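Q: Handing you a structure now.
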Amino acid sequence: MMFSEFLEFIKSNDGVPSSAPDMNPNPASEIIGAAIPRIDGPQKTTGRALYASDYNFPNMVYAAPVRATIASGKIRRIDSGAAEKMPGVLLVLHHDNVMPLYRNASGGRNSESRPPFEDDTVSYWGQYVAAVIAETFEQAQAAAAAVRVDYDTDKFNVATSLNDSLPDEGQPGGPRVMSHRGNTESAFASAPVKIDEIYTTPVETHNPMEMHATVAVWDGKKYTLYESSQGVMNHQNVLSQVLGEPKENVEVISRFIGSGFGGKLFPWPQSAIAAAAARKLNRPVKFTVNRKAMFSNVGHRPRTQQRLRLGATADGKLVSLQQDYRNHTSYGDDFRENCGEATPFLYSTANLKVTSALVRRNVGTPTPMRGPGAVPGLFALESAMDELAIKLKKDPVELRLSLDTLTDEEKNKPFSSRHLKECLQLGAEKFGWSRRTPEVGSMRKGDVILGWGVACASWGAGRGVSEAAVSLRSDGTARVSSGTQDIGTGTYTVMAQAVSDKTGIPIESIRVVLGDSSLPPGPTSGGSTATATILPSVIDAVNAAMRIVLNVAASAKNSPFAGKDVASLTMSGGRVHLKDQPPQSGVPFQEILRQANLASANGDGKSGGLGADPKARDFSMHSFGAQFVEVEWDPGIAKLRVSRVVSVIDGGRIINKRTATNQIAGAIVMGVGMGLFEQTIYDPRNGHPINDNFADYIVPTVADSPEIDVHFLDIPDPIMGEYGARGIGEIGLAGVAPAITAAVYHATGVRVRDLPVRIEDLLAAHIS
Ligand code: MOS
């Protein structure tokens, strides 16, 4: 989903007035910004952390899907006779015997609008057409292979070229104007320097370490779903509609997640299938999605095709910017990859137009993947900018600096905090950019040719509504909870940091509870908005809990502060003390609680989204960054590798230096994958994603990983709320691929406009 759509999604209950305490960023503290190791690290490294498929229950049985072997058509007949007679088989579930599963229309978001087994239609290879449930995993798999499905096969289309003729403007899938100002056509026509090129990005498949899985338990009244979900609240909301149950009868648990990259934002069909089977059999059901099925049944980043037209004056003023893009979507759903996410505001230009269109293919429904829209969009825009710099004989850093703006020219509002210029300047310094010689192939290191490239990064900043609860306990510990989840980014840790920062209770005495939809509703981990969303509600809750402690201190008759005005008291360093005295003069909060015979002081917290925040109305909120890349090209053996990346990120205040650096470093490795390796290939004979495994779908290994140098400007955003943190989950990937292809051009003279860069592209240049 596009970022703007994501904002709508997180704002869907945005009526809560912003009650977040103090929206001015606080000064630095010892805890906020520190490089604190993940508090859940020991559980993960010792194997005590339970991921979805780690849950086992007495009497549990296993589901294995039967997946379509055609890409388009109708199911004529499902013959499950042989499978049903096989050992251990309990049920073959399909359209005719599945209990009603419904669509959802009352809020929340499902990945596919169509529930599993809704009818006899097949619109992509691998689609679930039935599921076998058996006593063991092996029995289920064997029986699934024995289910015979006859189809009436239709013509299908998995073509990579998206040059289809389009429906008219305004019709579904037809061209839609996403942003427009000035007169692009005439400005482009009269521009002395022009770039007009088409850029494509392939289908990419999310490949988190942990694959999707559901363990569904039905207790006769209520479902408990153990999931790998980036949004337990959304999952509960959607599955309650799909299963036709009130929300309180569906609990979703996701304590630990082996990442998601967007692929786990919304429920996929295995969840409803497992739940339906659990209810029918009255036994817990485990449904694990295997690596092959990850390529067809749980979303992907759609293919994009983008025409970029830039018009400039001879001295490098950008007079016209046009981006016309298409992305593929499925037959079931309209998924728009918002390739123009960053285009309207990244550079100053008076004339700009972005249009978007959808082209249907027989593939599963696409879903957001890290930096959806912006990441493929910036590949095109930043590649075109590099080409423009070359045409103008301008340094690509200089060109970008000269086009920087502190006003969002689309919205006509100032940015809340934009330091793209500083990102470019610091990055150039750390990278050693001034030593670059611009001629192709002019920089050598022994046998290899070095290429240096640069690109800018951007990603939106958002904050939604959130609730949290904090207990300050009489044993001196604290507990903080919220119905959010930690996809591996560090949410457990930053929540503990906020409580520690406000109370002075040491991190190791703070227990964080999340990943359960029965907790106070917290945010989806998506759009890089979770940290900015959750922390204000945690702080609201911790303030409420501390107020209770202070009230008790001032009122309990055996309290050392009995009779004092509560307004004269405060809590810091874990102690209650007079505001005009140091913390050491006071009393540990747990003693106040114990003296009053209280187990804990419990505070509930709530915070509002940017949409309801009057301060946010007048600003445009985005993160920025600059990526500097070095490639080594060895023409003798046709070997290309990314050797060095310097990434400078303007993501507002950084809450945890260690987890943040890890986010950006991981994104850069992913960017190497996007630049050089990743592409899902559909077999033109049958629509099967043929490279649906780790031998054929290449992701970077340690050996492919460059030397990585990450810097944060660490400038608090005055609008984003407590601490001034924006998000950093996605920005790190933006700009990496175009910086790589710019570096490849600098080394080889070959401009790659169709990702990924293939050795064949580079060989061809040397042959000719
Ligand atoms: Mo992100 S693509 O919203 O996980």
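The values are calculated or read from the model by the stated rules, or taken from the named source; none is laboratory data. In this text, all values refer to a predicted model and were calculated from it rather than measured experimentally. Here the Cβ positions follow ideal geometry from the backbone for every residue, glycine too, while neighbour counts run over all protein chains shown.
Q: Please specify each residue of region 622-658 satisfying the condition of being in contact with a Lys or Arg (Cβ under 7 Å, 6 or more places away or on another chain) and surrounded by fewer than 24 Cβ atoms within 10 Å (Cβ to Cβ).
A: Within region 622-658, Glu632 is the sole residue that qualifies.
Q: Let me ask something else. Select from region 353-366 the residues that are within 16 Å of the ligand (Cβ to nearest atom) and hydroxyl-bearing (Ser, Thr, Tyr) and list them in ascending order.
A: Thr365
Q: Pairs, please: C-beta under 6 Å, at least 6 apart or cross-chain, first residue closer than 18 Å to Leu578 by Cβ and in contact (Cβ under 8 Å) with a residue 40 or more places away in the chain and in region 532-551, second surrounded by fewer than 24 Cβ atoms within 10 Å (Cβ to Cβ) and acidic (Asp, Glu)?
A: Correct list of pairs: empty, since none qualify.
Q: Which condition from (1) out of contact with any Leu (no Cβ under 8 Å at 6 or more places or on another chain); (2) at negative phi; (3) modelled with pLDDT of 95 or more is the one that Ile655 breaks?
A: Exception for Ile655: condition (1).
Let's see how each residue does on (1) out of contact with any Cys (no Cβ under 9 Å at 6 or more places or on another chain); (2) more than 19 Å from Tyr199 (Cβ to Cβ):
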position	(1), (2)
Thr680	yes, no
Pro684	yes, yes
Leu713	no, yes
Gly724	yes, yes
Gly735	no, no
Ala742	yes, no
Arg751	yes, no
Leu755	yes, no
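Q: Could you grab me the full set of residues in region 124-165 that are β-branched (Val, Ile, Thr) and either farther than 30 Å from Arg279 by Cβ or crowded, with 19+ Cβ neighbours inside 10 Å (or both)?
A: Step one: filter region 124-165 for residues β-branched (Val, Ile, Thr), giving 129, 132-133, 136, 147, 149, 153, 158, 160.
Those that are β-branched (Val, Ile, Thr) and either farther than 30 Å from Arg279 by Cβ or crowded, with 19+ Cβ neighbours inside 10 Å (or both): Val129, Val132, Ile133, Val147, Val149, Thr153, Val158, Thr160.
Q: Considering only residues that are outside any strand (DSSP E or B), in contact with a strand residue (DSSP E or B) (Cβ under 7 Å, 6 or more places away or on another chain) and among the charged types (D, E, K, R), which ones fall in region 615-649?
A: Asp618
Q: Suppose we keep only residues that are away from the ligand (no atom under 16 Å from the Cβ) and β-branched (Val, Ile, Thr) within region 367-404. Which one would you say is nearest to Ser259 (Cα to Cα)?
A: Applying the filter and picking the extreme gives Val397.
Q: Kindly provide the set of residues from region 717-763 that are surrounded by fewer than 19 Cβ atoms within 10 Å (Cβ to Cβ) and within 30 Å of Val494 (Cα to Cα), ordered by number.
A: Once the filter is applied, which keeps residues that are surrounded by fewer than 19 Cβ atoms within 10 Å (Cβ to Cβ) and within 30 Å of Val494 (Cα to Cα), region 717-763 yields only Pro718.
Q: Look at Met233 and say whether it is under 30 Å from the mean Cα position of the chain (by Cα) and within 16 Å of the ligand (Cβ to nearest atom).
A: Working: under 30 Å from the mean Cα position of the chain (by Cα): yes; within 16 Å of the ligand (Cβ to nearest atom): yes.
It is true that Met233 is under 30 Å from the mean Cα position of the chain (by Cα) and within 16 Å of the ligand (Cβ to nearest atom).
Q: Pick out the one residue from Phe256, Phe261, Phe188 that is of a type in the set (Phe, Trp, Tyr), part of a loop (DSSP other than H, G, I, E, B) and either touching a Phe, Trp or Tyr at 6+ places or on another chain (Cβ under 7 Å) or surrounded by fewer than 24 Cβ atoms within 10 Å (Cβ to Cβ) (or both). Steps first, please.
A: Working: Phe261 fails: either touching a Phe, Trp or Tyr at 6+ places or on another chain (Cβ under 7 Å) or surrounded by fewer than 24 Cβ atoms within 10 Å (Cβ to Cβ) (or both); Phe188 fails: part of a loop (DSSP other than H, G, I, E, B).
Residue meeting the stated conditions: Phe256.
Q: Could you grab the pairs with beta carbons closer than 9 Å, sequence gap of 6+ or different chains, first residue in region 73-97 and free of Cβ contacts under 8 Å to residues at least 12 places away in the same chain, second one among the acidic types (Asp, Glu)?
A: If the second residue must be among the acidic types (Asp, Glu), no pairs are left.
Q: Just give me the residues in region 737-752 being touching a residue at least 24 places away in the same chain (Cβ under 8 Å) and either within 22 Å of Ile715 (Cβ to Cβ) or over 25 Å from the mean Cα position of the chain (by Cα) (or both), in sequence order.
A: Restricting attention to region 737-752, the residues satisfying the condition of being touching a residue at least 24 places away in the same chain (Cβ under 8 Å) are 737-749, 751.
Scanning region 737-752 gives Ala742, Ala743, Val744, Tyr745, His746, Ala747, Thr748, Gly749, Arg751.
Q: Those residues that are within 26 Å of Leu640 (Cβ to Cβ), within 16 Å of the ligand (Cβ to nearest atom) and either of a type in the set (Lys, Arg) or in contact with a Leu (Cβ under 8 Å, 6 or more places away or on another chain) (or both), I need them from region 695-734; list them, please.
A: Ala734
Q: Are there any strands (runs of 3 or more DSSP E) wholly within region 537-609 with 1 or more residues that are under 44 Å from the mean Cα position of the chain (by Cα), surrounded by 14 or more Cβ atoms within 10 Å (Cβ to Cβ) and β-branched (Val, Ile, Thr), and if so which? Outline the logic, then answer.
A: Details: elements: 569-572, 575-578, 600-607.
Here the list reads 569-572, 575-578.
Q: Same structure again: Residues of region 333-351 being of a type in the set (A, V, I, L, M) and either in a loop (DSSP other than H, G, I, E, B) or under 16 Å from Glu730 (Cα atoms) (or both), which ones? Talk me through it step by step, then tell me what you get.
A: Of all residues in region 333-351, those of a type in the set (A, V, I, L, M) come to 342, 346, 350.
Selection gives Ala342, Ala350.
Q: Sticking with this one: For region 494-510, does any single residue satisfy the condition of being touching a residue at least 12 places away in the same chain (Cβ under 8 Å), within 16 Å of the ligand (Cβ to nearest atom), of a type in the set (A, V, I, L, M, F, W, C) and farther than 21 Å from Gly258 by Cα?
A: no
Q: Among the residues in region 687-695, are any charged (D, E, K, R), crowded, with 18+ Cβ neighbours inside 10 Å and in contact with a Phe, Trp or Tyr (Cβ under 6 Å, 6 or more places away or on another chain)? Show your work before the answer.
A: Narrowing region 687-695 to residues charged (D, E, K, R): 692.
The next check asks that each one be crowded, with 18+ Cβ neighbours inside 10 Å; those that pass are 692.
From what's left, in contact with a Phe, Trp or Tyr (Cβ under 6 Å, 6 or more places away or on another chain): 692.
There is at least one residue in region 687-695 that is charged (D, E, K, R), crowded, with 18+ Cβ neighbours inside 10 Å and in contact with a Phe, Trp or Tyr (Cβ under 6 Å, 6 or more places away or on another chain).
Q: If you check Gly490, Gly526, Gly462, Gly432, which single one turns out to be small (Gly, Ala, Ser) and more than 16 Å from the ligand (Cβ to nearest atom)? Spell out how you get there, then give the answer.
A: Numbers: Gly490 fails: more than 16 Å from the ligand (Cβ to nearest atom); Gly526 fails: more than 16 Å from the ligand (Cβ to nearest atom); Gly462 fails: more than 16 Å from the ligand (Cβ to nearest atom).
Among Gly490, Gly526, Gly462, Gly432, only Gly432 is small (Gly, Ala, Ser) and more than 16 Å from the ligand (Cβ to nearest atom).
Q: Among the acidic types (Asp, Glu) and within 16 Å of the ligand (Cβ to nearest atom): which single residue out of Glu341, Glu248 fits that description?
A: None of the other options fit; the residue is Glu341.
Q: Among the residues that make up region 301-320, is at least one of them within 16 Å of the ligand (Cβ to nearest atom), at pLDDT 95 or above and in a loop (DSSP other than H, G, I, E, B)? Give the derivation first.
A: Here is the first cut: in region 301-320, the ones within 16 Å of the ligand (Cβ to nearest atom) are 301-302, 304.
After this cut, where a residue has to be at pLDDT 95 or above as well, the list is 301-302, 304.
Those still in the list that are in a loop (DSSP other than H, G, I, E, B) too: 302.
Yes.
Q: Does any residue of region 277-291 turn out to be hydrophobic (A, V, I, L, M, F, W, C), under 21 Å from the mean Cα position of the chain (by Cα) and more than 16 Å from the ligand (Cβ to nearest atom)?
A: To start, the set of residues in region 277-291 that are hydrophobic (A, V, I, L, M, F, W, C) comprises 277-278, 281, 285, 287, 289.
Next, only the ones that are under 21 Å from the mean Cα position of the chain (by Cα) stay: 289.
Filter once more, keeping what is more than 16 Å from the ligand (Cβ to nearest atom): 289.
Yes, region 277-291 contains a residue that is hydrophobic (A, V, I, L, M, F, W, C), under 21 Å from the mean Cα position of the chain (by Cα) and more than 16 Å from the ligand (Cβ to nearest atom).
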